[in-house]
Amino acid sequence: MAHTLDIKTAGLDLDKAEKALIMLHGRGAAATDILSLSQHLNVVDFALLAPQATNYTWYPQSFIAPVEQNEPWLSSALEIVNQTVQSAFDAGIATENIYFFGFSQGACLTLEFLARNAQRYGGATAVIGGVIGERIDGRNYQGDFQQTPIFIGTSNPDSHVPVERVYASENILKEMNADVTVKVYDNFGHSINQDEIEWANKIVFK
């Protein structure tokens, strides 16, 4: 089973934009849902690209389940993100002007993709997520972020994402030369808050 490439768009046309934001939705949500968040971000001059997960889910199990339980969906999801990035790059947008925003399952997918493909990007925001797998396999991760700004916001506790995995993900990204900021909100729940939006705008979409 595999995802079908289906990119929803908003903002500037790719051929007119100098920057692109790739937005990855959560489990059970739609690409159009996360695109609507862009009105709260400083991205008026961006092309916005939001791939739609087939059946509204990027992978079937928890992100901290053994990886093989999420295959082949996970590998297919990572390839969808790669193809979305490539579509921006093919339109003439440099990787240092490609940005990411992911929530929940989409945040996990964002961080996993970035850690596997580290280079200088514009920046990334991941709200409630971490790198994927029952155990973290550092052999999957390579590259140099060259101080790409990454903001991670999360609730503690969270019903899906243990804060320990957030901190472990932070450490991996920092070891790969990312400029990471983590904010933990006690008992906030599994959602995006206004403070996270403000931090994203201050650090990533500045």
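Quick notes on this structure:
- Average accessible area per residue (Å²) across the chain - probe 1.4 Å, nucleic acids and ligands excluded: 44 Å²
- Amide H contacts of ILE64 (H built 1.01 Å from N, in plane; Pro and chain starts excluded): GLY133 sit under 5 Å, all sequence-distant by 5 or more or on other chains.
- Other residues with beta-carbon under 12 Å from the beta-carbon of LYS183 carry, at +1 per Lys or Arg and -1 per Asp or Glu, a net charge of -4.
- Across region 18-86, the convex hull enclosing all Cα atoms gives 90 Å³ per residue.
- On the chain, 46 percent of the accessible area sits on carbon and sulfur atoms, based on a 1.4 Å probe.
- FRET E, pair TYR167, ASN140, Förster distance 25 Å, beta-carbon r, rounded to 0.05: 0.85
- Per-selection Kirkwood Rh - the chain (Cα, Å, 1 d.p.): 16.5 Å
- Label-reachable residues, region 73-115, where backbone N falls under 14 Å from a point 7 Å from GLU175's Cα toward its Cβ: 115
The values are calculated or read from the model by the stated rules, or taken from the named source; none is laboratory data. As the structure is a computational prediction, the values presented were derived from the model and not from experiment. Every residue, glycine among them, receives a Cβ derived from its backbone with ideal geometry; neighbour counts consider all protein chains shown. For the accessible areas, the whole protein counts, side chains as well, though only heavy atoms, and no ligand, DNA or RNA atoms are used. Shrake-Rupley method; radii C 1.70, N 1.55, O 1.52, S 1.80 Å.
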